[in-house]
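The block underneath contains the structure these notes are about, expressed in structure tokens.
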Amino acid sequence: MGGVLARMRDLKANAIILIAYLLAGIGSFLMAIPPGFIAPVWLPGAIGLAAVLLVGYRALPAIVIGAILLTLPYGLFVLEAGPVSSLAGSAGLALAAALQAVIAKRLIHPGTVSAMSLETGPQLARLIAVGAIFASLCGAALASAWLTIGGFAPPDLDFWTAFARNWAGNAVGAAAVSPVILLLFAKERVSRRRKRNVALVFAILSVIGLATFATTRFN
């Protein structure tokens, strides 16, 4: 009985994470910049980071499925790469998203759920430096190598350009939004200091993201 209830909880958690992941991805695609249609801020990275910290590795199926569902139509209808190449490209991107989440989880808090309260500056800095910046670095490297070397990217997109865009979009999105998600779902009482720290980081990174979007979109 306990095993059945645990599986039901996992299914419910994955369903919620998947819906949030897809909605975040749609929002990111609405900001996509032609001709490459690269999103300047990739919000699903923030959902993935917060999810593995809140529920652990049980969130990985939702992250993988969400990444495939978001990127497969791009390969099919934008790149017109065909079903095999599109599926292969989406699978590589999903693997990169899962790897990014696993690295963040292992380095921030390898336990079942995260004990980070974000009450102090060092905790918030660790989340951003490790979970957003470093983990996104690893994920972007794998995703960009898979796309460009594997031939699943537009012909004019080289590795370093894809890497820079992927990393920046993931890092800014995760650093800005993940702390807010963790704040909203915190089980313990939230202090004003914690709210102020998280709000300040979110405001700064939101300005950076909006400025990047405006600059690239209208120039």
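Summary of computed values
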| read-out | value |
| --- | --- |
| Simple spin-label estimate for ALA203 and ILE16 in nanometres, 7 Å along Cα-Cβ | 2.9 |
| Å² of accessible area per residue within the range 12-74, as computed with a 1.4 Å probe and no ligands counted | 40 |
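The values are calculated or read from the model by the stated rules, or taken from the named source; none is laboratory data. Just so you know, these numbers come straight off a predicted model, no measurement behind them. Note that we place each Cβ from the backbone using ideal geometry, even for glycine, and neighbour counts take in every protein chain shown. Ligands, DNA and RNA are excluded from the accessible area calculation, which covers all protein heavy atoms including side chains. Shrake-Rupley method; radii C 1.70, N 1.55, O 1.52, S 1.80 Å.
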